[in-house]
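The values are calculated or read from the model by the stated rules, or taken from the named source; none is laboratory data. Since this is a predicted model, take the numbers as computed values, not measurements. No Cβ is skipped: glycine too gets one built from the backbone with ideal geometry, and neighbour counts run over all protein chains shown.
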Amino acid sequence: MSKNPIRTVLEMIKFEHSVFALPFALVGALLAARAGGALPTWRQIAWIVVAMVGARSAAMTMNRIADVEFDRRNPRTANRALPAGELSLGFAWAFTALASAVLVIAARQLNRLALELSPLALAILFFYSYTKRFTSWSHFVLGLCLGISPAAAWIAIRGSLDARMLILCAAVTLWVGGFDVLYACQDVEFDRNAGLHSIPKKLGIARALVFARVMHVVMVALLAWLAWSFALAWPAWTGIAVVAALLAYEHSLVKPNDLSKMNAAFFAVNGYISLLFLLFWGAAVVVMRP
């Protein structure tokens, strides 16, 4: 291990990126609880957060295990913990098992249906790690990994699923899949040499950027549909406008012949999108009538 093992583990699972999915899950929980006439309890919120952290930690570690040989050959990723030898594969497998157990335990604390579906959630998360080997549409699978979080949170609160949550799931899937298409533009040459698949490799960078824009336009439309279906108050619509503006800014940072601002587009902007979405939609849920 490295001299600072905790930091190394957190870097391996990109713990700070939990902010991407968690706000959308919390919105799902708020909508579910408010549909029942009350806000979620702190206990429910706490176990949802634990489940999300466990699921994401397991998924990210499995992805690093699956891709360790590719990461070792890719100059952009060669300094990651596993290819650099800062963590062992044995440790990574043990950490994946532990994180998976945390998800299952948290699901058990929520309700029976959440517990029964937790293995399916893990299967989806682990499946993504191998999709780049055989399909260019792996971005959508990654999107689905985060996209199921609002539905999972609804189930955690209600013990059932409202079909309207599938709209939010689709929106999150397109949001994540869209910015993953942007991020994959950095690895087009490596993917060609390694035999991996991606939309930028399939379409070229210029058309891939257009493809990602279309995904994000549809995402905004889905959010509007969801706000209308729940009859949400004006903060939700303000939140949609803010998300749309930030997405437009994100796309303005990335050009076919200039990917130098990719990190700003990928990390900073998407973090603001998820947090501001939670802020505005949380306000809308609080003021809506049960």
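Does Ala94 meet the test of being crowded, with 18+ Cβ neighbours inside 10 Å and either in a helix (DSSP H, G or I) or in contact (Cβ under 8 Å) with a residue 12 or more places away in the chain (or both)? It is false that Ala94 is crowded, with 18+ Cβ neighbours inside 10 Å and either in a helix (DSSP H, G or I) or in contact (Cβ under 8 Å) with a residue 12 or more places away in the chain (or both). The requirement of being within 14 Å of the chain's Cα centre (by Cα), in a helix (DSSP H, G or I) and at pLDDT 90 or above is satisfied by Met52.
None of Leu120, Leu87 is modelled with pLDDT of 95 or more and hydrophobic (A, V, I, L, M, F, W, C) except Leu120.
The single condition among (1) exposed (fewer than 14 other Cβ atoms within 10 Å of the Cβ); (2) modelled with pLDDT of 95 or more that Thr238 does not satisfy is (1). Annotation: of all residues in the range 161-175 being among the hydrophobic types (A, V, I, L, M, F, W, C) and more than 30 Å from Asn257 (Cα to Cα), the one that is surrounded by the fewest Cβ atoms within 10 Å (Cβ to Cβ) is Ala163. Of Val242, Val220, Val210, all but one fail to be out of contact with any strand residue (DSSP E or B) (no Cβ under 7 Å at 6 or more places or on another chain), part of a helix (DSSP H, G or I), within 18 Å of Ala170 (Cα to Cα) and among the aliphatic types (A, V, I, L, M); the exception is Val220. State yes or no: is Ala81 crowded, with 22+ Cβ neighbours inside 10 Å, assigned to a loop (DSSP other than H, G, I, E, B) and aliphatic (A, V, I, L, M)? Considered against the rule, which asks whether it is crowded, with 22+ Cβ neighbours inside 10 Å, assigned to a loop (DSSP other than H, G, I, E, B) and aliphatic (A, V, I, L, M), Ala81 comes out as yes. Taking the condition touching a residue at least 60 places away in the same chain (Cβ under 8 Å) and in a helix (DSSP H, G or I), does Ala38 pass? Judged against the criteria, Ala38 is not a match.
For the range 250-262, a tally of residues being surrounded by 13 or more Cβ atoms within 10 Å (Cβ to Cβ) and either under 18 Å from the mean Cα position of the chain (by Cα) or in a helix (DSSP H, G or I) (or both) returns 4. Out of Ala94, Ala59, Ala38, one residue alone is over 30 Å from Phe190 (Cα atoms) and either at pLDDT 90 or above or out of contact with any helix residue (DSSP H, G or I) (no Cβ under 9 Å at 6 or more places or on another chain) (or both). It is Ala38. Only one entry in Leu174, Leu110 is more than 14 Å from the chain's Cα centre (by Cα) and of a type in the set (A, V, I, L, M), namely Leu110.
Table: residues versus (1) free of Cβ contacts under 8 Å to residues at least 40 places away in the same chain; (2) crowded, with 22+ Cβ neighbours inside 10 Å; (3) within 30 Å of Trp281 (Cβ to Cβ).
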position	(1), (2), (3)
Lys132	no, yes, no
Ser136	no, no, no
Cys145	no, yes, yes
Gly159	no, no, yes
Gly177	yes, yes, yes
Val181	no, yes, yes
Gln186	no, no, no
Ser198	no, yes, no
Met219	no, yes, yes
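Within this structure, Asn270 passes the test of being crowded, with 20+ Cβ neighbours inside 10 Å, polar (S, T, N, Q) and part of a helix (DSSP H, G or I).
Yes or no, residue by residue, for (1) touching a helix residue (DSSP H, G or I) at 6+ places or on another chain (Cβ under 9 Å); (2) over 20 Å from Ala121 (Cβ atoms):
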position	(1), (2)
Ala153	yes, no
Ala163	no, no
Leu166	yes, no
Asp180	yes, no
Ala194	yes, yes
Ala206	no, yes
Trp237	yes, yes
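The sole residue among Asn63, Asn111 that is of a type in the set (S, T, N, Q) and free of Cβ contacts under 8 Å to residues at least 60 places away in the same chain is Asn111.
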